[in-house]
Each structure stands twice: as C-alpha cells, then as structure tokens.
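Here, each number is a calculation from the coordinates, and none is a lab measurement. Bear in mind that the values here come from a model prediction, so they are computed numbers and not experimental data. Here Cβ is always computed from backbone atoms with ideal geometry, including for glycine, and neighbour counts include all displayed protein chains.
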Amino acid sequence: GSWQPPQTCPRHQPLVAFRLRVEPPQGVWDDVAASNLDAMCADGTVLLGQGTLAGTWGNWSQPCPTSWRVCGIRTLLEPPQRARDDTGLNDLQLFCCP
C-alpha cells in the first residue's frame, strides 16, 4: 500500500468515533480483511477513508461521551501465516479519555 495524506478534525474538534470496512474471508482467493476506515469528529465532520471498496462497512462505533475524545488505539493483527494467506489488520478499537 501507500500512505495517504493526513486528515484532521476541524480546530478544537476531537476524534470521537469510527467505522471500519472489512472484507470477509475469501476462501481460496486473496484475503484483504480491513480495507478502509472513516472517522467522525465531535462536531459531526466525517473524515472519509482513502482505502479500497473491498468488503462492507461495519456500524459506527459508539461515540465518546460528551467532552471526551479518542486517546488510544488498539489493533487486531493476524500473525504471519507462513505458506497461507495473510490478512494483516482485522479489527480496531479506539479508547476514549476525558
């Protein structure tokens, strides 16, 4: 892949929610897993991911409580599969702090 330009929320608007686009297992075909991410700012601005169209969008995460913001991230990565198909990023969790 390649890095896309950074995106930011409007000034003084923290990141508060996200949704992930994920492709299900493809059997004998190449698996992708997570393929895109949209993020939401506290004012409702949506930062549209620049990933691919593979898979379907999941639901939006629960937003952070009012006056809280995203302060951490945890990713679920598939370990190397040796001779089998690797996916890489499979899921994402964001953590909110006051």
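Odds and ends about this structure:
- Amide hydrogen proximity for PHE18: with H placed 1.01 Å from N in the peptide plane, the residues at 5 or more positions away or on another chain lying under 5 Å are MET40, SER61.
- Amide H to amide H, with H built 1.01 Å from N, LEU92 comes under 5 Å of LEU76, counting only residues 5 or more places away or on other chains.
- Around the amide H of LEU37, modelled in the peptide plane, lie the amide H atoms of ARG21, GLY49, GLN50, GLY51, all under 5 Å away and 5 or more residues distant in sequence or on another chain.
- Protection proxy ranking of 40-53, 67-80, by the mean of other Cβ atoms within 10 Å over each peptide's residues and highest first, is 40-53, 67-80.
- For segment 65-77, 3J(HN,Hα) per residue [Karplus equation, 6.51 cos²θ - 1.76 cosθ + 1.60, θ = phi - 60°, Hz, x = Gly/Pro]: x, 3, 6, 9, 8, 5, 10, x, 9, 9, 10, 9, 10
- When Rg and the Kirkwood Rh are both derived from Cα coordinates, the Rg/Rh ratio for the chain amounts to 1.02.
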